[in-house]
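Chemist: First the structure, then my questions, so here it is.
Rule-based calculations on the coordinates, nothing more; no lab input. Remember, predicted model here, so these are calculated numbers, not experimental data. Methodologically, a virtual Cβ is constructed for each residue, glycine included, from the backbone with ideal geometry; neighbour enumeration extends over all protein chains shown.
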Ligand SMILES: *[C@@H]1O[C@H](CO)[C@@H](O)[C@H](O)[C@H]1NC(C)=O
Ligand SMILES: *[C@@H]1O[C@H](CO)[C@@H](O)[C@H](O)[C@H]1NC(C)=O
Ligand SMILES: *[C@@H]1O[C@H](CO)[C@@H](O)[C@H](O)[C@H]1NC(C)=O
């Protein structure tokens, strides 16, 4: 096969490409505000290009071309009727391919490709004087210097990206025919009669197949969900907010990215702080950079808050003495006097939507809580005091598989007494007890969920590889390579 591979001259390729680069008018893009954006780098585009070419070649092959026939005058023989049938391209070899970003379109070119075809030939000739002479056999055709170029535009329409084939062309430089059997004149005759026709048959078959493939790709895009469920109550709005932006060998896509309640409409209304994130995944180069605005996390917290899910009963804690009035004997003597040696539990509820801010170090969260202290007196739950807390937490995000997860830690908190049936409580004396409760009783509940995280909106069929994560002002940035799932499994 090695001898089949030839390099096409770059001049031909660029001439070819320039034919495809049709000018498109600039249009104004209104940015409605996306809270998750993804930049696909040159490396990422090459990855997707190779993936698409692999998919395309394996879905194209075998490609059957229409039969061709022709009559031709052959010296010394006369008028011969010739026909080619069962013309099938059964393999394609791709030497090199390119993907480029234009102003508004993506350009993909394959150059110096080869294709092997098999076919049957037959001819017949004769006249009223002579009996008809006919023969048939097989031939193989090697197509060389196959250039394919296509321009695709990506346009957001109603939250979905449409893949539009703007232009597609293919060109065959050379073919050579190897005839099995037949008369000595046949090779030359077949070549002369059919060279142009075989070339154009290959060109139009490839072009037709590509436009079918792009239609298929578009329907895959059309079927992408506008929201993906994250849990029983929350979904992520994955609507595209604008057309992909092409620049400098990269493509940036932006989705809404906010969490919404799975049932009913959302009431989220965030102020978009502008999209200039200084973050980039340039060193070392990764295929994709996903940026999540802090509002993504705030919206998630808000959905859970609105769904009334942010409350917990703490009735198990490593420090057992906290859940027995005897453990409070020295801190609140009155509690022990009224309910000696009784069991206790703590009811913690979040009282306002958590405020989340991403800084250069971590994801900071300020959470308002009410903690009700309950005594369990002979199967009766008796609330004895309520303390309100403002806790300051730090979350360190991490990538778990294709999920964005994290662990939160307590930085500090402020406590104040809301009401009490056991006398005035000195909040100062409470500090270390509270800290133990928050760290070992409360945060583990939250971290049990955060450790699993939520799925990053990735194109289906792909998984993250060698992902890195960091925080910058207002944004969490994930830089990663991608792998196709079907290939890694
Ligand atoms: C999802 O995001 C799109 C684009 O920002 C917006 O138009 C749409 O209303 C959102 N859907 C919900 C359910 O919030
Ligand atoms: C509370 O602690 C005391 C002293 O250790 C113990 O006798 C009592 O059984 C405990 N109460 C409960 C409900 O565990
Ligand atoms: C939370 O704690 C961190 C670290 O102690 C501090 O830098 C930050 O300013 C605090 N945030 C709030 C809102 O108090």
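Chemist: When the helices in the chain are scored as -39500 (n - 2.57) per DSSP H run of 4 or longer and the sum is shared across all residues, what 222 nm value do you end up with, to the nearest 500 deg cm²/dmol? The partial results should precede the final answer.
Modeler: Working: 8 runs with 108 residues, N = 489.
Helix-only estimate at 222 nm: -7000 deg cm²/dmol.
Chemist: Within segment 103-123, list the residues whose amide N lies under 12 Å from a label point set 7 Å along Cα→Cβ of residue 69.
Modeler: Counting backbone N atoms under 12 Å from the label point, the list is 122-123.
Chemist: Between residue 216 and residue 337, 0.36 nm times their residue separation minus their Cα-Cα distance comes to what?
Modeler: Values: separation 121, 0.36 × 121 = 43.56 nm, distance 7.56 nm.
Additional length available on full extension: 36.0 nm.
Chemist: For the chain, what's the relative contact order in percent, using C-alpha pairs closer than 8 Å and at least 6 residues apart? List each step's numbers first, then the result.
Modeler: Numbers: 1018 pairs, mean separation 60.6, N = 489.
Value for the chain: 12 percent.
Chemist: Suppose the chain between residue 349 and residue 180 were pulled fully straight at 0.36 nm per residue; how much longer would it get relative to their current alpha carbon spacing?
Modeler: Values: separation 169, 0.36 × 169 = 60.84 nm, distance 8.40 nm.
Result for the pair: 52.4 nm of gain on full extension.
Chemist: Between residue 400 and residue 61, what FRET efficiency follows from the Cβ-Cβ distance if R0 is 41 Å, with the result rounded to 0.05? Could the numbers behind the result be given before it?
Modeler: Details: r = 39 Å, r/R0 = 0.95.
The formula returns an efficiency of 0.60 here.
Chemist: So what's the angle, to the nearest 10 degrees on a 0 to 90 scale, between helix 42-60 and the longest Cα principal axis of the chain?
Modeler: 50
Chemist: If you don't mind, another one. For segment 323-451, rounded, prolate or oblate, judged on the Cα gyration tensor with a ≥ b ≥ c (square roots of eigenvalues), a/c < 1.5 rounded, else prolate if a/b > b/c? Write down the numbers at each step before the final one.
Modeler: Values: a/c = 2.67, a/b = 2.06, b/c = 1.30.
Note, shape of segment 323-451 comes out prolate.
Chemist: Right, next: What is the packing order of peptides 227-240, 308-321, taking the mean over residues of other C-beta atoms within 10 Å and listing the highest first?
Modeler: On the way: 227-240: 18.2, 308-321: 14.0.
Put in order of decreasing packing, that is 227-240, 308-321.
Chemist: Now, a different point. By average Cβ neighbour count within 10 Å, what is the ranking of 456-462, 71-77 from highest down?
Modeler: By packing density, highest mean first, the sequence is 456-462, 71-77.
Chemist: Against the longest alpha carbon principal axis of the chain, how many degrees, from 0 to 90 and to the nearest 10, is the axis of helix 294-306 turned?
Modeler: Helix 294-306 sits roughly 60 degrees off the main axis of the chain.
Chemist: Convert 25 °C to kelvin, take the viscosity as 0.890 mPa s, use the Kirkwood radius over C-alpha pairs of segment 61-222 as Rh, and evaluate the Stokes-Einstein diffusion coefficient in µm²/s, rounded to a whole number.
Modeler: Values: Rh = 17.8 Å.
Translational diffusion coefficient: 138 µm²/s.
Chemist: Over what distance in Å are the Cα centres of segment 388-414 and segment 138-200 separated?
Modeler: Cα centroid to Cα centroid, the span is 58 Å.
Chemist: log10 I(q)/I(0), Debye, Cα-only segment 126-187, no solvent, q = 0.14 Å⁻¹?
Modeler: Log10 of I(q)/I(0), two decimals: -0.69.
Chemist: Expressed as an acute angle from 0 to 90° and rounded to the nearest 10, what is the orientation of the C-alpha long axis of helix 10-20 relative to the principal long axis of the chain?
Modeler: Approximately 70 degrees, to the nearest ten.
Chemist: Arrange the following residues from fewest to most other Cβ atoms within 10 Å of their Cβ: 218, 135. Mind showing how you got there, number by number?
Modeler: Values: 218 18, 135 13.
The most exposed by this proxy come first: 135, 218.
Chemist: Using only the alpha carbons of segment 227-476, what is the convex hull's orientation-averaged projected area in square nanometres? Intermediate values should be presented prior to the final figure.
Modeler: Numbers: hull surface 63.4 nm².
Over every viewing direction, the Cα hull of segment 227-476 projects on average to 15.8 nm².
Chemist: Would you mind calculating the gained length between residue 309 and residue 392 on full extension (0.36 nm times residue separation, minus the Cα-Cα distance), in nm to one decimal? Don't jump to the answer; show the numbers that get you there.
Modeler: Details: separation 83, 0.36 × 83 = 29.88 nm, distance 1.98 nm.
Extra length available between residue 309 and residue 392 comes to 27.9 nm.
Chemist: Let me ask something additional. What is the fewest-to-most order of 378, 416, 204 by other Cβ atoms lying within 10 Å of their Cβ?
Modeler: Working: 378 5, 416 10, 204 13.
Final ranking by Cβ density, sparse to dense: 378, 416, 204.
Chemist: If one computes P(r) from the Cα atoms of the chain, what percent of pairs lie at distances over 41 Å?
Modeler: Details: 53550 of 119316 pairs.
Across the chain, Cα pairs with separations above 41 Å total 45 percent.
Chemist: Please report how far the C-alpha centroid of segment 435-480 lies from that of segment 218-260, rounded to the nearest whole angstrom.
Modeler: The two parts, judged by their Cα centres, are 19 Å apart.
Chemist: Just grab the label-to-label distance for residue 188 and residue 120, each label 7 Å out from Cα along the Cβ direction, in nm (one decimal).
Modeler: Computed distance between label sites residue 188 and residue 120 equals 2.8 nm.
Chemist: Hey, another quick one. To the nearest 0.05, what FRET efficiency results for residue 208 and residue 133 with a Förster distance of 45 Å applied to their C-beta separation?
Modeler: On the way: r = 36 Å, r/R0 = 0.81.
E between residue 208 and residue 133, to the nearest 0.05, is 0.80.
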